[in-house]
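Novice: Input: one structure, supplied below.
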Amino acid sequence: MIIEKNKAVFVHYTLTDGTAEGQLVETTENREPLAFIYGIGMMIPDFEKNLSGLKAGDTFAFGIPADKAYGTYDDGALIDVPKRIFEIDGKIEEGLLEVGNVLPLQDQEGNHLQGMVASVGDDTVKIDFNHPMAGVDLYFSGHVSLVRDAEQEELDHGHIHGDGGHHH
Ligand SMILES: [Zn+2]
């Protein structure tokens, strides 16, 4: 059975930055494989494209440029925010505004978003709203561990059930 639309696909992969020798971003080694339904828009389109037609046991290795993955880095998404919005009862929690911290925030419409503290000034904090993987060229290598038909219920839910998937 090959990977095509509506198949349940299980892959082990290692994601590195840019090339096979790049910095390790994440890996499923020693964990459950990544499980997803192919062709329903759950994954990065280029990720799926590169797995098309493979079968269990096949290996893969391919790169996806940042603009086809999580987007290029946008300097405009680096925003100065007044420090006082982080005050609770006139005080800012110790350790909250440290460079690299990811903070849950809300925009004017009440949408929840995450931003990372990029730098801290006297009265303002520079928050980076770029996706953490923005500007990163992705390199995937690994192998296909299983391909099977997705169950109707899985197709209805848009995710895999059981091992490597949702338990409910
Ligand atoms: Zn479900």
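Readers should treat all values here as calculations from the given coordinates under stated rules, not as data from a laboratory. All values derive from a computational prediction rather than experimental measurement. Cβ atoms come from the backbone with ideal geometry, glycine included; neighbour counts cover every protein chain shown.
Novice: Give me the net charge for the shell around Ile92: Cβ to Cβ below 14 angstrom, other residues only, Lys and Arg +1, Asp and Glu -1.
Specialist: With Lys, Arg at +1 and Asp, Glu at -1, the net is -4.
Novice: Under the Kirkwood approximation applied to all pairs of distinct alpha-carbon atoms, what is the hydrodynamic radius of the stretch 75-128 in Å?
Specialist: 11.5 Å
Novice: Next up: What does the charge count near Val125 come to, summing +1 for each Lys or Arg and -1 for each Asp or Glu among other residues with Cβ under 11 Å from its Cβ?
Specialist: -2
Novice: Report, in deg cm²/dmol and to the nearest 500, the calculated mean residue ellipticity at 222 nm for the chain, where each DSSP H run with n ≥ 4 adds -39500 (n - 2.57) and the sum is divided by the residue count.
Specialist: -2000 deg cm²/dmol
Novice: Neighbouring Cβ atoms within 10 Å as the yardstick, rank His12, His166, His143, His112 fewest first.
Specialist: Lowest to highest Cβ neighbour count: His112, His166, His143, His12.
Novice: Given all pairs of different Cα atoms, what value in angstroms does the Kirkwood hydrodynamic radius of the stretch 1-127 take?
Specialist: 18.2 Å
Novice: Additional query: Would you work out if the stretch 69-168 is rounded, prolate or oblate? Take a ≥ b ≥ c from the square roots of the eigenvalues of the alpha-carbon gyration tensor; rounded if a/c is under 1.5, else prolate when a/b is larger than b/c, oblate otherwise.
Specialist: prolate
Novice: For Thr72 and Asn6 in the same chain, what is the full-extension length gain: residue separation times 0.36 nm, less their Cα-Cα distance, in nm?
Specialist: Separation in residues times 0.36 nm, less the Cα-Cα distance, equals 20.8 nm.
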